[in-house]
1. Name the residues in segment 201-213 that are of a type outside the set (S, T, Y) and at pLDDT below 85, would you?
2. Scanning segment 81-114 for residues that are part of a strand (DSSP E or B) and among the hydrophobic types (A, V, I, L, M, F, W, C), which turns out nearest to T58 (Cα to Cα)?
3. Of the residues R92, R134, R80, which is among the basic types (K, R) and within 22 Å of R161 (Cβ to Cβ)?
4. Within segment 351-363, can one find any residue that is over 30 Å from G62 (Cβ atoms), surrounded by 14 or more Cβ atoms within 10 Å (Cβ to Cβ) and in contact with a helix residue (DSSP H, G or I) (Cβ under 8 Å, 6 or more places away or on another chain)?
5. Given the structure, is A326 surrounded by 21 or more Cβ atoms within 10 Å (Cβ to Cβ), in a loop (DSSP other than H, G, I, E, B), assigned by TED's automatic domain parsing to the domain that holds D289 and at pLDDT 95 or above?
6. Would you check which residues across segment 70-86 are surrounded by fewer than 23 Cβ atoms within 10 Å (Cβ to Cβ) and either closer than 14 Å to K34 by Cα or not hydroxyl-bearing (S, T, Y) (or both) and list them?
7. Return the only residue of V418, V318, V352 being more than 25 Å from K246 (Cα to Cα), touching a strand residue (DSSP E or B) at 6+ places or on another chain (Cβ under 9 Å) and not in a loop (DSSP other than H, G, I, E, B).
8. Residue under question is A65, and the condition is that it be of a type outside the set (S, T, Y), surrounded by fewer than 20 Cβ atoms within 10 Å (Cβ to Cβ) and over 13 Å from M1 (Cα atoms); does it hold?
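The values are calculated or read from the model by the stated rules, or taken from the named source; none is laboratory data. Nothing here was measured: the structure is a model prediction, and the numbers come from that model. Note: ideal-geometry Cβ built from the backbone for every residue, glycine included; neighbour counts use all protein chains shown.
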Amino acid sequence: MLIAGTQSGCGKTTVTLALMQYFRAQSTSVAPFKAGPDFLDPMWHGIVCDRTSYNLDTRMLGERACRALFVDKSTSADIRVIEGLMGLFDGRQGVGGEGSSAHLAKVLGEPVLLVVSAKGMSGSLVALVEGFVRRAACMDVQIEGVIANHVGSENHAKILRELLKEFDLPPLVAWMEKGAPTLPERHLGLKMPSEHDLPDFSDYLHVGEAFSACFEKPLPCTTARHLQSQGNEGIRELKNLLQGKKIAIAKDAAFCFIYPENIEWLQAQGADVIFFSPLLGETVSEDVDALWLPGGYPELHLEALSRSPSWHSISVLVEAGKPVLAECGGMMVLGTSLDDHTMAGILPCSFVMQDRLAGLGYREDRLGVKGHEFHHSRRVCQQDVSPCFDVKRGDVGMRHKNLRVSYIHWYFSSQSEVVAGWFGGSHGN
């Protein structure tokens, strides 16, 4: 099932995690996925399901790659659960366009459970669900059931259930009580699992027979064969572009915005992947062939990062002309300072955190590499710098020797040959 919402803030993540807990309590294995480019929700999925949650994004990956990844990562699980993004029809543009949950449901042939915040609502639920069902049907997407969130009482749930039945709409398959625990948030979304314990939602989630019936329906054989055949032409047509390359990757609480598929892509290209922690002051050996500094939350660890011995070893690699890719937070620590805390000093710029959003949206380089930008900081350069990426919209970044930096989080398999070139592999620019 794809757990979609009527809009952001209706409780998709809470409901999704509650459902995952429910299945896990029944010793049911769950293959978790997240629609869209979000990094944080999949971290929570992984805690509940005890397996990696993968992003499925029809904008960044494309339809074939989404099918391939979905089939590949769900075959060993009893149930597949995909958490949607924003509202069901919200995507890059239009209504149900590329990147939306509705488009993903259509591409995968998966039915939808619609999460509705029912606070202060009774009869209006009918009008709301009717509209979503009608629009979904226009896209050949089926809404299988409704999950009401913020429900005032069992009697409130009964009223909602009867109204949906009276108007021949998808049934109320589950409901969450008002007052259910929520996960704390900050400027980029939820806080990370390392910062907050996962609440137990079992006393607040109520499921019925209609819910069980939804998940007891197997994926039709024709759909399964279609997904498998379409998935064959997936995300790793080109292999061994990085054969024999040793690539160091920063990975810790400050550098954690990593699409799991990017790691697997590097390994599929033949790279030997090693991890290091700038927070722990671990240095990078000069014998590595390339370096990747992903994004994360460096602004939460300013004191430790300002003293990190990692920067000197990275500076040596940069000056030696080794390929280095730094994304968002990974770029911010390479400047002279971040919020007045001294950083690596490799780039002639400083970075300042601000309350308002500074950049958001899908991005695509002229060479075809796709990614996503989402940040609250701004870059202040002390001198003219050379742009790095040719994007129509978004951060063009900076280029210094073989160092490429920008605010964009790239999805590597969107253009394998080009990204392999960024890391010093074959066929790249």
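1. Selection gives G208, E209, A210, F211, A213.
2. Among residues in segment 81-114 that are part of a strand (DSSP E or B) and among the hydrophobic types (A, V, I, L, M, F, W, C), the one nearest to T58 (Cα to Cα) is I82.
3. Just a single option satisfies the conditions, and that option is R134.
4. Yes, segment 351-363 contains a residue that is over 30 Å from G62 (Cβ atoms), surrounded by 14 or more Cβ atoms within 10 Å (Cβ to Cβ) and in contact with a helix residue (DSSP H, G or I) (Cβ under 8 Å, 6 or more places away or on another chain).
5. no
6. Of everything in segment 70-86, those that are surrounded by fewer than 23 Cβ atoms within 10 Å (Cβ to Cβ) and either closer than 14 Å to K34 by Cα or not hydroxyl-bearing (S, T, Y) (or both) turn out to be V71, D72, K73, S74, A77, D78, I79, R80, M86.
7. Every option except V352 fails the conditions.
8. No; evaluated as a whole, the condition is false for this residue.
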